[in-house]
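Notes follow once the structure below has been shown.
The values are calculated or read from the model by the stated rules, or taken from the named source; none is laboratory data. Remember, it's a predicted structure, so these values are computed and weren't measured experimentally. Don't worry about glycine lacking a Cβ; one is built from the backbone with ideal geometry, like all the others, and counts go over all protein chains shown. In case anyone asks, the SASA skips ligands and DNA or RNA and just uses the protein heavy atoms, side chains included. Shrake-Rupley method; radii C 1.70, N 1.55, O 1.52, S 1.80 Å.
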Amino acid sequence: MKLLVVGSVAFDAIETPFGKTDRILGGAASYIALAVSVLKVDAAVVSVVGGDFPQEYLDLFKNRGINTDGIEVKPEGKSFFWSGKYYDDLNSRDTLATEVNVLADFQPKVPDAYRDAEILLLGNLDPAVQLSVLDQMSTRPRLVILDTMNFWMDTAMDTLQQMIARTDVISINDEEARQLTGEYSLVNAAKKIHAMGPHFVIIKKGEHGALLFSEDKIFAVPALPIAEVYDPTGAGDTFAAGFAAHLASTGDLSFANMKTALIAASAMASFTVEKFGTERIAEISAEDLKARIAQFKELTGFESDFYL
């Protein structure tokens, strides 16, 4: 299946207790593109960058088989930039700078060859931009996957609700699910989100794993314990990428296969945190991913002789 990815391609500057970076490759679509390329998926990215964006980064995407026809370059503009500082537990951070730049008036243009993509992965962006991409598709994708965050709940709730109503799978964290629904119980939150439109709800719980809801079905996957976590930036993006890439590579959109996709998602995200920025996800292979999925299998499988 073809996979169309929409999101930011940008610069990040990151500081954690384990070090800091200057401006490096960042943005949701960058993480997603590099992650889906591990599974050799036929994928394209829609985004915008400024004239300051290095050609070597665009070449990196192309060399990994990612179609970049949908990445607009504005020579006179500057690329989106975000800077953040994480604290000791890596669960809390401060945003030090956000420079929207060319994203401020981003008008996405879907390449003709991907207007019929079967899977559309909408990375964290203004929901109005996400809607405009969906409206450009020549046929409705078989699966629309939405990633969003609490910022859009605070600033664009009406538009976000329109986007959610046209979504098949929504991927948000536990805090965002509670804010969106007003429900503390994640089970009840998922039920309310189902009523908004999505058939499938993924609720991420950080180091405590993730939950997949489909009507009366629930599947849980743990987070793989990682000995050395350097930088959590982009983990949510590569999580969504692993999920979408597995579905695109298998062509199977059943709930049973989504359970496997959730494990692939968690495995992909577990690589991201091992180095700063996109560095780690850019160096792994399909064999690396397969080996890590085997670790998940060992972590979650058990046998018991206990009977009632």
Between a first residue in the stretch 263-287 that is free of Cβ contacts under 8 Å to residues at least 12 places away in the same chain and a second residue that is polar (S, T, N, Q), which pairs have beta carbons less than 9 Å apart while being 6 or more apart in sequence or on different chains? Arg280/Thr272
Restricting attention to the stretch 61-114, the residues that are in contact with a strand residue (DSSP E or B) (Cβ under 7 Å, 6 or more places away or on another chain) and under 30 Å from Lys40 (Cα atoms) number exactly 23
Going through Leu39, Leu121 one at a time, which residue ends up being touching a His at 6+ places or on another chain (Cβ under 9 Å) and touching a residue at least 24 places away in the same chain (Cβ under 8 Å)? Leu39
Does Val110 qualify as being in a helix (DSSP H, G or I), within 24 Å of Leu3 (Cα to Cα) and modelled with pLDDT of 95 or more? no
Considering only the stretch 42-60, state which residues are under 18 Å from Val133 (Cβ atoms) and not acidic (Asp, Glu). Ala43, Ala44, Val45, Val46, Ser47, Val48, Val49
Residue list for the stretch 196-230, restricted to those being assigned to a helix (DSSP H, G or I) and open to solvent by 90 Å² or more (accessible area, probe 1.4 Å): Glu207, His208
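Filtering the stretch 49-62 down to residues that are crowded, with 17+ Cβ neighbours inside 10 Å and outside any strand (DSSP E or B), which residue is nearest to the chain's Cα centre (by Cα)? Give the steps one after another, and end with the answer.
Within the stretch 49-62, the first condition is being crowded, with 17+ Cβ neighbours inside 10 Å, and the residues that meet it are 49-50, 53, 57-58, 60-61.
Right, trim to outside any strand (DSSP E or B) and you get 53, 57-58, 60-61.
On the way: Phe53: 22, Tyr57: 19, Leu58: 19, Leu60: 19, Phe61: 16 Å.
Only one residue fits best here, namely Phe61.
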Within the stretch 63-108, track down each residue that is among the hydroxyl-bearing types (Ser, Thr, Tyr), surrounded by fewer than 18 Cβ atoms within 10 Å (Cβ to Cβ) and within 22 Å of the chain's Cα centre (by Cα). Ser92, Thr95, Thr98
Condition broken by Phe243, with the remaining ones in (1) touching a helix residue (DSSP H, G or I) at 6+ places or on another chain (Cβ under 9 Å); (2) surrounded by fewer than 24 Cβ atoms within 10 Å (Cβ to Cβ); (3) not aliphatic (A, V, I, L, M) satisfied: (2)
For the stretch 169-187, name all the residues that are farther than 10 Å from Lys205 by Cα and surrounded by 14 or more Cβ atoms within 10 Å (Cβ to Cβ). Val169, Ile170, Ser171, Glu176, Ala177, Arg178, Gln179, Leu180, Thr181, Glu183, Leu186
Only residues in the stretch 238-258 that are without any contact (Cβ under 8 Å) to a residue 40 or more places away in the chain and assigned to a loop (DSSP other than H, G, I, E, B) count as the first member; pair them with residues that are polar (S, T, N, Q) and open to solvent by less than 30 Å² (accessible area, probe 1.4 Å), Cβ under 7 angstrom, at least 6 apart or cross-chain, and list the lot. none
